[in-house]
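The numbers here are math on the coordinates, done by the rules we state, and not lab data. Bear in mind the structure is a predicted one, so any value in this text is a computation, not a measurement.
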Amino acid sequence: MKIDKNAFALSMARSVRDVENRVDDALAGCSEMLQQFVDGRRASRLAAHVGQPALERFTLFTHQMAQARGTLVGVHDAMTAEGDRLGLIFDDPLSGKPEKGSTEPSALAPALADA
């Protein structure tokens, strides 16, 4: 099966963003779980040492997840650099992601979504 290089690059760009979003969702879930643990232990009037080893392991896990997210940013940057080097077109104006060098979503996204 043969696939166009730009179609492949766009597919990979979408996949990277999907994985990034999933990792962000996992980090948000970790934050919610940590909040639940702390609030629940306090509301249940349990001693501070109850569950402390698990809490410490969980915060370490959350830290490692945040580091993994940073590694994923590096993967994204490396893939972008390689795509740029090869002259591939892989920006998806419908993604709503910020354009390179900006924090604002693509100006084309709303117009293209309505088309």
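Annotations
- Calculated SAXS-style log₁₀ I(q)/I(0) at q = 0.13, 0.15, 0.22 Å⁻¹ - the range 1-79, Debye, Cα scatterers: -0.56, -0.66, -0.99
- Cα-based equivalent ellipsoid of the range 43-89: semi-axis lengths in Å, sorted from largest, via gyration tensor: 43, 8, 4
- Under Karplus coefficients 6.51, -1.76 and 1.60, residue-wise ³J(HN,Hα) of the range 67-81 in Hz, glycine/proline x: 5, 4, 5, x, 5, 5, 4, x, 4, 4, 4, 5, 5, 5, 4
- Rounded to the nearest whole Hz, the Karplus-based 3J(HN,Hα) values (6.51 cos²θ - 1.76 cosθ + 1.60, θ = phi - 60°) of the range 14-30 follow the sequence 5, 5, 4, 5, 5, 5, 4, 5, 5, 5, 4, 4, 5, 5, 5, x, 4, with x at glycine and proline.
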